[in-house]
Amino acid sequence: MASAPAPSAARLYRPNRFVSLPAELDPDTYDTSPEKRRAEAERLAIRSQLKRQYLLQLNNPSPPAVIEDPALIRWAYAKSQNVYPTFRPTPKTSFLGAAYALGPLLFWIAVLKAHRDYKEKRIQEG
Amino acid sequence: MSMDMMPGPYPRTPEERAAAAKKYNMRVEDYQPYPDDGLGYGDYPMLPDKSQYERDPWYQWDQPDMRHNWGEPMHWHFDMYIRNRADTSPTVVPWHTMSKHFFIFLGTMLVMFGLGAIYPSYMPVVTRPP
């Protein structure tokens, strides 16, 4: 009975855009290589520097009125003011723009016209 | 906040990528901008699509309700992934099994209701004499 090895639990689960893989099924959890440890250490170093900056501002005897979060400011800027400068008309964006702007308009024009023609026909026929 | 700390256009050279990674407080290996489709993302990093539900509830976050740390790059759809909204936590039953069960049930019920509307059946009655 030489059949293929059983598919891994992660492949049976099939994570997609709406659900993610549980950590227990992810082989990355059980990876203890030095590269992963170095990556985690670097991330922790960045994290601790940021936390230090935050705590210095928080525990200041005369704290500022609002402690600004640069990540939040960058996020808000990127979503609102950085869209127009970085937009570029490409075939995909032109098609999407036409589809979203003209599509519903033409659709509802067609639906309402067809409905009114149908009612008109019924009125004429009595 | 000076303008060079704000998001900018898509990074083209490796130096720009390294500068953008440093700007967003990320490692250069972790930093992955959105593909340059002209859709308006610029150099904003593409983070994994996971909701804030999946973050450790027991860790001492700087903002516990958002499960977000000060200065950590926020997901583009951060406002969708907050804990009041979309949740991408792993489900007990796989998604494809759930959707298969749901659509088979829904399809069967719709077909039966449609057939019942096209071919109604009712008890035969006798018309009252006028």
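The values are calculated or read from the model by the stated rules, or taken from the named source; none is laboratory data. These numbers were taken from a predicted model, which means no experiment stands behind them. Virtual Cβ from ideal backbone geometry, glycine too; neighbours counted across all protein chains shown. Only protein heavy atoms, including side chains, enter the accessible area calculation; ligands, DNA and RNA are left aside. Shrake-Rupley method; radii C 1.70, N 1.55, O 1.52, S 1.80 Å.
What to note about this one:
- Net lengthening on full extension, A:Ala41/A:Val83 (0.36 nm per residue, minus Cα-Cα): 11.7 nm
- Accessible area of region B:49-88 belonging to carbon and sulfur atoms, whole % at 1.4 Å probe: 50
- Taking amide H positions as modeled 1.01 Å from N, with prolines and chain starts lacking one, the residues under 5 Å from B:Tyr44 and 5 or more places away or on another chain are B:Tyr34.
- Chain B: angle of helix B:14-23 to the longest principal axis, Cα-based, in degrees nearest 10: 80
- Share of Cα-Cα pairs in region B:1-46 lying beyond 12 Å, as whole percent: 57
- Two-decimal log10 I(q)/I(0) for region B:1-128, as the Debye equation yields it once each C-alpha is a single scatterer, q = 0.13, 0.14, 0.21 Å⁻¹: -0.75, -0.82, -1.23
- Loop GluC sites (Glu not before Pro), region B:14-82, which have at most 14 other Cβ atoms in a 10 Å radius of their Cβ (DSSP): B:Glu29
- Sulfur and carbon atoms: percent of accessible area, region A:22-66 [1.4 Å]: 57
- Per residue accessible area of chain B, 1.4 Å probe, in Å²: 70
- Residue mean of other protein chain beta carbons inside 10 Å, B:39-49: 4
- Considering only A:Leu72, A:Leu96, A:Leu44, the mean-square fluctuation computed in a Gaussian network model of chain A, springs between alpha carbons under 10 angstrom, is largest for A:Leu96.
- Computed from label points 7 Å out along Cα-Cβ, the spacing between B:Phe102 and B:Ile118 is 2.7 nm.
- Per residue of B:71-78, other chain Cβ atoms within 10 Å of the residue Cβ number 5 on average.
- Shape of region A:11-87, Cα gyration tensor, a/c cut at 1.5: oblate
- Computed over chain B, relative contact order equals 18 percent, with contacts defined as Cα pairs under 8 Å that lie 6+ residues apart.
- Cα centroid of region A:62-120 to Cα centroid of region B:73-130, whole Å: 29
- Rounded to the nearest 100, the interface formed by chains B and A buries 3900 square angstrom of accessible surface, both chains summed, with a 1.4 Å probe.
- Placed amide H near B:His68: partners under 5 Å, 5+ positions off or other chain: B:Asp62, B:Gln63
- Calculated accessible area for region A:11-87 comes out at 74 Å² per residue, all protein chains present (probe 1.4 Å; ligands, DNA, RNA ignored).
- Take each residue in A:15-22, count the other chain C-beta atoms within 10 Å of its C-beta, and the mean is 6.
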